[in-house]
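The values are calculated or read from the model by the stated rules, or taken from the named source; none is laboratory data. Just so it is clear, the structure is predicted and the values come from calculations on it, not from any experiment. We place every Cβ from the backbone using ideal geometry, glycine too, and count neighbours over all the protein chains shown. All accessible areas refer to the heavy atoms of the entire protein, side chains included, with ligands and DNA or RNA removed. Shrake-Rupley method; radii C 1.70, N 1.55, O 1.52, S 1.80 Å.
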Amino acid sequence: FGVAGCSGSSDSGGSDEQIKVGLVTKTDSNPFFVKLREAAQAQADASGAELISLAGAFDGDNEGQVAAIENLVSQGVQGILITPNSSSGILNAIKSARDAGVIVIALDTATEPEDAVDATFATDNLAAGVSQGEWVKATLGDTAPQIVMLDGTPGGTVDTFRHDGFLQGFGVEEGAAEIVGQENTNGDQTKAQTAMENLLQRAPGVNALYTINEPAAAGAYEAIKGAGLTDQVVIGSVDGSCTGVENVKNGVIGATVMQFPAKMAEQGVDAVVKYVQDGTKPSGFTDTGSQLITDTPVDGLDSKDTSWGAENCWG
Amino acid sequence: MTRAEEVPPVLQARGLVKKYGNVTAINSADFDLRAGEVLAVVGDNGAGKSSLIKALAGALVPDAGEILMGGTKVHFRNTRDARAMGIETVYQDLAVVPALDIATNVFLGREVRRRGLMGTLFRRLDMPRMRTESSGHLSDLKIGIKSVSQSVETLSGGQRQGVAVVRAGAFGKGVIIMDEPTAALGVRESGQVIDLIHSIRERGIPVVLISHDIPHVFEVSDRIHVHRLGMRAAVVSPKIRSMSEVVALMTGAEQPTDGERAGGG
Amino acid sequence: MTRAEEVPPVLQARGLVKKYGNVTAINSADFDLRAGEVLAVVGDNGAGKSSLIKALAGALVPDAGEILMGGTKVHFRNTRDARAMGIETVYQDLAVVPALDIATNVFLGREVRRRGLMGTLFRRLDMPRMRTESSGHLSDLKIGIKSVSQSVETLSGGQRQGVAVVRAGAFGKGVIIMDEPTAALGVRESGQVIDLIHSIRERGIPVVLISHDIPHVFEVSDRIHVHRLGMRAAVVSPKIRSMSEVVALMTGAEQPTDGERAGGG
Amino acid sequence: MSSEAVLQGRSSRGIIRQILREPLLGPLLALVLAVIIFSLVSETFLAPYNLSLILQQSVVVGILAVGQTLIILTAGIDLSIGAVAVLGTIVMAQAAGAGGPLVALAATFLVCVALGAVNGGLVTVLRLPPFIVTLGTFTAIQAATRLLAGSQTYQVPQGPLTFLGTSFSIGRFNTTYGVVAMLLVYLFVWYALSQTAWGRHVYAVGGNINAARMSGIKSGRNLFSVYLATGVIAAIAAWAALGRIPNADPNAYQNANLESITAVVIGGTSLFGGRGGVVGTLIGTLIVGVLRNGLTLAGVDSLYQNIATGILVIVAVAVDQFARRRSL
Amino acid sequence: MSSEAVLQGRSSRGIIRQILREPLLGPLLALVLAVIIFSLVSETFLAPYNLSLILQQSVVVGILAVGQTLIILTAGIDLSIGAVAVLGTIVMAQAAGAGGPLVALAATFLVCVALGAVNGGLVTVLRLPPFIVTLGTFTAIQAATRLLAGSQTYQVPQGPLTFLGTSFSIGRFNTTYGVVAMLLVYLFVWYALSQTAWGRHVYAVGGNINAARMSGIKSGRNLFSVYLATGVIAAIAAWAALGRIPNADPNAYQNANLESITAVVIGGTSLFGGRGGVVGTLIGTLIVGVLRNGLTLAGVDSLYQNIATGILVIVAVAVDQFARRRSL
Ligand SMILES: Nc1ncnc2c1ncn2[C@@H]1O[C@H](COP(=O)(O)OP(=O)(O)OP(=O)(O)O)[C@@H](O)[C@H]1O
Ligand SMILES: Nc1ncnc2c1ncn2[C@@H]1O[C@H](COP(=O)(O)OP(=O)(O)OP(=O)(O)O)[C@@H](O)[C@H]1O
Ligand SMILES: [Mg+2]
Ligand SMILES: [Mg+2]
């Protein structure tokens, strides 16, 4: 049966009308999404479209995202850009939006199945994780690894991809003896600091550190610095924010994997505008790419230095 | 004293003890209530009167001692146990729920359900009936209250006391205990409570009355239990002793006779 | 009546009105307190006595009417304003903070600081002094309390009342108002309060006493303000009227004389 | 019930009076005000489809808020209610795979009621403060849910488990059975609270537990039953959640506790217990839903929406206070 | 003060009695128990370095919990305190760039106190329930912080702003000025609460606001001052936070409200107001810190840690209740 589409509000179509684009991010808080929002806003302004940005209240707020989609459809937008919280949780809402004639584009995270949306512009988070893992492994060289993993929120799609990617790139299995500690940080620097401080008490020999994002890496670094172990631990991260790149430059983080939220947002807004103007529907998965940023490159891994990073960073 | 030996007392306590930290509120107290009598309990502030009757009403579990009803030992874990044995109490601190209306307070814990399916299956309360009955009881006591749907917190001190008295008076079947029921009441209302006590006695139900109002005590009671320093100092007869003697007994200025000390009254 | 015309009353009210929803608690009430007198206020439960004195003490802001002190209009927005004019009150619902200890309650709102730098700069309280003083005041009233560091919630009903009375009695400079101060007190403690009232009058401070205890009222008061249905029905002299006449006036069974009705007393 | 109402004209007026006596005027005013403003700002706001959306979006938190009202009326607070419902969705989805929808429903109700019993037991038998008990169980249940779910979400099949998401029409008004379920939960609990002895006892226990005990109310039993009832309500919310999103996610509804408390408090129920009721909570729930929907229709971004919501929540309660003070 | 104490032997015994009269035995027992267990499980646990770590980790929430204690003593609750502190860090970092460290500190204290005044004004002047007021300001302040910060975190330079992160040694025990600041805040507020009229009034207002008012206490003014003080405390917490991590992040400390309330309640302060104090809160803060640290040292995974923490929080309070009932 499925949820009935709305008829009252899908009076879009006339291209003389103001183009309205809805953006639904996972949260308002993560700088990554803030960048996404800003880039989308800039692009919308440039194309003369109106952008309404909404967000879930926390990572995993499917209900909030569903309500946001419903309200945007009711509002009369022609396209919705969404960074879905869980890859499958909000498919019904997306389907009714599409049934109502709204085009839906996934940003940053693909839905599952991927064709639940019209198109996807995203980073391959697994690949980003793999880059981080490969670099940390290569930098460690022959030293016997003792890995600590500072995850974000257990069960989040992005979390899972990055985590698994790191292990794959590093070449260890989940649950291997080399992993000496793991904590959830919600990507919060203060939680990461506390977690790392406590983990260092238990596993003072740690030498490889996976972090879900750059704030977590910054928090962990404070802990490592406090314990006087900065030379011992190789820190990897993902994001590519300007603060993060700055941290790579200052040696706080060894390497980070940069994503390109602005690209996703710009391409997403363009796709909606184009659709409204001439009816071209976007489709498929577009990888907006990721780039390893470090000042200590290793052979065999493609990387850029921090001055390139500083030019291309976000936030 | 012969009568007392024949019929066992309705409610009796032996050697009750209750301590709060290092304050001994009840200090090995005895208590006897005979069938059909009005027993006054008098004593200084802090003598332990309220604590004693709380133990008798199940509102407080004593540390030691025993309570007997009709000669058999009983054990009250809470007020419900005591109520089940027919003991109804007006507490000094009233035990009303301020935010609820008067009728609900009067019937609290013994609500009346509708007749028929509505009551048995849907368990719907018969509010109209509870309202009518409570307002009847209140006007019997001449407590002038506009509406029984008013919440108790809007009542004057005396009106509240009236609500608490009505509650016990209307439902007591075995023993009715009143802890200073007239303390906040006006002359007329106090008079009504005294009348109520008389009429309860006429129904054959014994009453325990705690009061600081010695003239009232002499007007209504058959025997007077004098409480001092947490225990029963004496039981005296208002026919034998004068008011000033009772007051002297309360303060320890006068000593009871041996019979009085033993609770013979 | 001549004396009253010469010196303006210490505390006076004209046409006070206070409504709660559709209940009129004070219905255009007048009030006069003369210098150095003990004025009793009597009336049925719910007559509006507490509401009236709350208005005089600043605990309640009347909807209409005016209050005068020594002939000049005053406006009390809260109890502090009234206190600043020397009016101290014992409320019927006591107004104590149960979780705080006795000494703190007695000195609440008028705490004593240490002498010297510790008090002025560090604003440290002089707890030992406050404890000593409160326990002195309490034993003056013969209220037996083990320790003034005990919290008020552990006291018996009468002991609590004693704390509230001590508070007003110790600090009143202009007018002392007591709303049923002896309601929960024992015979001896009540007697002490009566003595306290006498000694306050001897200090030249006028007292307003609300009480349902007519013998007490006749023992202590100079004039009796009879309150009925939210307003002053009469002011009578205990020397002219008998106890039963006053009770009849309270219930409306008897009519006051014109002079009494006018408040001449 | 309607013939009864005719026969008992006096008492049904009593019921209406009872409803009106709850301090509802303020929340109602705030709700009406919000509706009027948003219908002026956006044409679509009053469209039946949009109104139905608001209701649908309120279903899960709205149901949870009923349980929260019960607990708050007893002077408690339930920080675990959202976590219990989320665990309920995971249990339902996993059990559906193993044993079919009926087993899944039974398992969910069982688990939620059992957790209600744990909370209730700790509060009544050990006499621990509800805040701490439910904070503890919240933390533990949330972690247990994640362990149980692994790092996965679980799809549930269309059928009985998603029944509450099915929509139907009454005239032009299209809505879901979930909305009906929510309204039934409100009606049922309203009846229990205002028309039965059990409900009066809930108020008495919350208003003055000593007085309740001295009046012979089995206060422990009453309190415990409230926690059990809240468990049942959490299970219904879990069911309704899978109707909205047929995908059980261990990370969902993390704010449900705070949101349900907000709805209760905006609805005029006192956090100190003994005063209030579910009618106010329904209005409180709707106020929150209307704000979110209306602000989006007005084209307000979510950060500005949050600022506006924060301010409007305060205004809603201020209106309430003002209305109450006037009516005194 | 020490000569004073000698002269006033009786009153300093009074102080100790005062401290002990707060219901502290339970929390203390729970803390000692936790310490004993963890020192058996892990050798590193009792190492001075590790103990210092626990203190350092407790600094920010520990300071916020002092403000939370004040508010809860007045029968209120502050859901905004964490958000105020986070806004404080952003203001401090941004103002440091523009005007140097002293301007930054001044700006932070100003902003935090102003927000305290907003909360206090709404609670005292409009008489709105603190839960709703601070929920509203929490939502609004959090959104405003994110708008103000844009997508960025802000590095602060080493210097006065990170002073509270500087470490120093007393013998083998190495700690930071932040820890000292926290202990000073506790000492100061303890003194104010227990030794001054202001403190007695806080208890009176929280215990029975009508009685307080009738006793002539300026209850509104007292309440307002509590909110102002809490603003000051939030500013100190913001300063301490930048000492811990010299990087202001608009997304930090999202759980600080709940964590501070938890510390207060575990410490034995009643959510109904008028009973408790900051000594208990300090113990409560330490219990939470010890649990987190000890469980990690014991090698418990974080989800299992959460389960254990949830259960242990309940156990800590149960021990308290039990101890109190025995001592009655
Ligand atoms: N919960 C408690 N904690 C500590 N002490 C208590 C408690 N309850 C009562 N007490 C003490 O026990 C003693 C007896 O109190 P009780 O209330 O029984 O006296 P009473 O004779 O009823 O006095 P009154 O005539 O003033 O009502 C008092 O000294 C009182 O302080
Ligand atoms: N807050 C309130 N809300 C509604 N009605 C009230 C309120 N306070 C008092 N009343 C009503 O006002 C009337 C007068 O009350 P008040 O307390 O002044 O009487 P009183 O003469 O002191 O009686 P008592 O002798 O019983 O103490 C009563 O009918 C009471 O119900
Ligand atoms: Mg007593
Ligand atoms: Mg009165």
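Looking at segment A:157-174, which of its residues are open to solvent by 70 Å² or more (accessible area, probe 1.4 Å) and over 27 Å from A:ILE90 (Cβ atoms)?
Selection gives A:GLN168, A:GLU173, A:GLU174.
What helices (runs of 4 or more DSSP H), lying completely within segment A:1-102, carry at least 2 residues that are modelled with pLDDT under 90 and in contact with a Ser or Thr (Cβ under 7 Å, 6 or more places away or on another chain)?
Here the list reads A:31-47, A:62-75.
Applying the selection to segment E:59-86, what residues are surrounded by 24 or more Cβ atoms within 10 Å (Cβ to Cβ) and of a type in the set (Gly, Ala, Ser)?
E:GLY62, E:ALA65, E:GLY67, E:GLY76, E:SER80, E:GLY82, E:ALA83, E:ALA85
Across segment E:215-273, what is the total count of residues that are open to solvent by less than 30 Å² (accessible area, probe 1.4 Å), within 13 Å of the chain's Cα centre (by Cα) and not hydrophobic (A, V, I, L, M, F, W, C)?
Residues in segment E:215-273 being open to solvent by less than 30 Å² (accessible area, probe 1.4 Å), within 13 Å of the chain's Cα centre (by Cα) and not hydrophobic (A, V, I, L, M, F, W, C): 7 in total.
When residues of segment A:56-114 are filtered for being among the hydrophobic types (A, V, I, L, M, F, W, C), open to solvent by less than 20 Å² (accessible area, probe 1.4 Å) and farther than 26 Å from D:PHE45 by Cα, how many remain?
Number of matching residues: 2.
Give E:GLY121, E:GLY159 a once-over and let me know the one that is farther than 30 Å from A:ASP239 by Cα, open to solvent by less than 40 Å² (accessible area, probe 1.4 Å) and either modelled with pLDDT under 95 or not β-branched (Val, Ile, Thr) (or both).
Numbers: E:GLY159 fails: farther than 30 Å from A:ASP239 by Cα.
After ruling out the rest, the residue left standing is E:GLY121.
Could you please find all residues in segment A:249-272 being open to solvent by 10 Å² or more (accessible area, probe 1.4 Å) and either part of a helix (DSSP H, G or I) or among the hydrophobic types (A, V, I, L, M, F, W, C) (or both)?
Within segment A:249-272, the first condition is being open to solvent by 10 Å² or more (accessible area, probe 1.4 Å), and the residues that meet it are A:249-252, A:254, A:260, A:262-263, A:266-267, A:270-271.
Hits for segment A:249-272 are A:LYS249, A:VAL252, A:PHE260, A:ALA262, A:LYS263, A:GLU266, A:GLN267, A:ASP270, A:ALA271.
Only one of B:HIS212, B:HIS227 is part of a strand (DSSP E or B) and either within 15 Å of C:GLY186 (Cα to Cα) or over 13 Å from the mean Cα position of the chain (by Cα) (or both); which?
Numbers: B:HIS212 fails: part of a strand (DSSP E or B).
B:HIS227 is the lone residue from the list that is part of a strand (DSSP E or B) and either within 15 Å of C:GLY186 (Cα to Cα) or over 13 Å from the mean Cα position of the chain (by Cα) (or both).
If you take the residues of segment C:159-181 that are touching a helix residue (DSSP H, G or I) at 6+ places or on another chain (Cβ under 8 Å) and open to solvent by 20 Å² or more (accessible area, probe 1.4 Å), which of them is farthest from the other protein chains (Cβ to nearest Cβ)?
Filtering segment C:159-181 for residues that are touching a helix residue (DSSP H, G or I) at 6+ places or on another chain (Cβ under 8 Å) and open to solvent by 20 Å² or more (accessible area, probe 1.4 Å), the one farthest from the other protein chains (Cβ to nearest Cβ) comes out as C:ALA170.
What single numbered condition from (1) polar (S, T, N, Q); (2) away from chain C (no Cβ under 14 Å); (3) in contact with a Gly (Cβ under 7 Å, 6 or more places away or on another chain) fails to hold for B:SER156?
Condition not satisfied by B:SER156: (2).
Identify the single condition in (1) modelled with pLDDT under 90; (2) surrounded by 22 or more Cβ atoms within 10 Å (Cβ to Cβ) that C:VAL23 does not satisfy, given that it satisfies every other one.
(2)
Could you list all residues from segment A:69-87 that are within 19 Å of A:PHE121 (Cβ to Cβ), small (Gly, Ala, Ser) and within 10 Å of chain D (Cβ to nearest Cβ)?
Matches in segment A:69-87: A:SER86, A:SER87.
Table: residues versus (1) away from ligand 3 (no atom under 16 Å from the Cβ); (2) more than 27 Å from C:LYS142 (Cα to Cα).
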{"position": "B:LEU155", "(1), (2)": "yes, yes"}
{"position": "B:GLY169", "(1), (2)": "yes, yes"}
{"position": "B:GLU180", "(1), (2)": "no, no"}
{"position": "B:VAL207", "(1), (2)": "yes, yes"}
{"position": "B:ARG223", "(1), (2)": "yes, yes"}
{"position": "B:VAL235", "(1), (2)": "yes, no"}
{"position": "B:ALA248", "(1), (2)": "yes, no"}
{"position": "B:ARG261", "(1), (2)": "yes, no"}
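Since A:ALA195 meets every condition but one in (1) of a type in the set (Gly, Ala, Ser); (2) out of contact with any Ser or Thr (no Cβ under 8 Å at 6 or more places or on another chain); (3) within 14 Å of chain E (Cβ to nearest Cβ), which condition does it not meet?
Just one mismatch for A:ALA195, condition (2).
Exactly one condition in (1) within 13 Å of chain A (Cβ to nearest Cβ); (2) open to solvent by 10 Å² or more (accessible area, probe 1.4 Å); (3) modelled with pLDDT of 90 or more is not met by D:SER52; state its number.
(2)
Among the residues of segment A:48-60, write down those that are within 20 Å of the chain's Cα centre (by Cα) and more than 7 Å from chain D (Cβ to nearest Cβ).
A:GLY56
Is it fair to say C:ASP140 is closer than 17 Å to B:ASN45 by Cβ and away from ligand 2 (no atom under 16 Å from the Cβ)?
Yes.
Can you tell me which condition D:SER270 does not meet? The list is (1) in a helix (DSSP H, G or I); (2) away from chain A (no Cβ under 14 Å); (3) at pLDDT 85 or above, and all the others hold.
Status for D:SER270: all satisfied but (1).
Within segment B:137-150, take every residue that is open to solvent by less than 30 Å² (accessible area, probe 1.4 Å) and farther than 8 Å from B:ILE102 by Cβ and give me the one that is nearest to the other protein chains (Cβ to nearest Cβ).
The selected residue is B:ILE143.
Report, by residue number, each residue of segment C:39-70 that is among the small types (Gly, Ala, Ser) and either near ligand 2 (Cβ under 8 Å from one of its atoms) or assigned to a helix (DSSP H, G or I) (or both).
Once the filter is applied, which keeps residues that are among the small types (Gly, Ala, Ser) and either near ligand 2 (Cβ under 8 Å from one of its atoms) or assigned to a helix (DSSP H, G or I) (or both), segment C:39-70 yields C:GLY43, C:GLY46, C:ALA47, C:GLY48, C:SER50, C:SER51, C:ALA55, C:ALA57.
Could you identify the single residue in C:ARG124, C:ARG77 that is open to solvent by 20 Å² or more (accessible area, probe 1.4 Å) and either away from chain B (no Cβ under 14 Å) or farther than 30 Å from E:GLY276 by Cβ (or both)?
Just one listed residue meets the conditions, C:ARG77.
When you go through (1) at pLDDT below 85; (2) part of a helix (DSSP H, G or I); (3) within 16 Å of ligand 3 (Cβ to nearest atom) one by one for C:SER190, which number turns out not to apply?
Result: C:SER190 passes all but (1).
Looking at segment B:35-49 only, could you name the residues that are in contact (Cβ under 8 Å) with a residue 12 or more places away in the chain and open to solvent by 40 Å² or more (accessible area, probe 1.4 Å)?
Within segment B:35-49, just B:ALA35 meets the criteria.
Being under 17 Å from D:GLN56 (Cα atoms), among the aromatic types (Phe, Trp, Tyr) and assigned to a helix (DSSP H, G or I) is the filter here, so list the residues in segment D:149-191 that pass it.
Hits for segment D:149-191 are D:PHE163, D:TYR177, D:TYR186.
Consider D:ARG146 carefully, then state whether it is in a helix (DSSP H, G or I), closer than 22 Å to D:GLY231 by Cα, basic (Lys, Arg) and open to solvent by 10 Å² or more (accessible area, probe 1.4 Å).
Spelling it out, D:ARG146 is indeed in a helix (DSSP H, G or I), closer than 22 Å to D:GLY231 by Cα, basic (Lys, Arg) and open to solvent by 10 Å² or more (accessible area, probe 1.4 Å).
Here are the criteria: (1) assigned to a helix (DSSP H, G or I); (2) more than 16 Å from D:SER194 (Cβ to Cβ). Tell me which single one D:GLY280 does not satisfy.
Failed condition: (2).
From the list C:ARG203, C:ARG223, C:ARG188, C:ARG241, exactly one residue is surrounded by fewer than 24 Cβ atoms within 10 Å (Cβ to Cβ), basic (Lys, Arg) and within 16 Å of ligand 1 (Cβ to nearest atom). Which is it? Outline the logic, then answer.
On the way: C:ARG203 fails: within 16 Å of ligand 1 (Cβ to nearest atom); C:ARG223 fails: within 16 Å of ligand 1 (Cβ to nearest atom); C:ARG241 fails: within 16 Å of ligand 1 (Cβ to nearest atom).
Unique residue meeting the criteria: C:ARG188.
Only one of these is out of contact with any Leu (no Cβ under 8 Å at 6 or more places or on another chain), within 14 Å of chain A (Cβ to nearest Cβ) and free of Cβ contacts under 8 Å to residues at least 24 places away in the same chain: D:GLY294, D:GLY310, D:GLY299. Name it. Reasoning before the result, please.
Working: D:GLY294 fails: free of Cβ contacts under 8 Å to residues at least 24 places away in the same chain; D:GLY310 fails: out of contact with any Leu (no Cβ under 8 Å at 6 or more places or on another chain).
One residue alone meets the criteria, D:GLY299.
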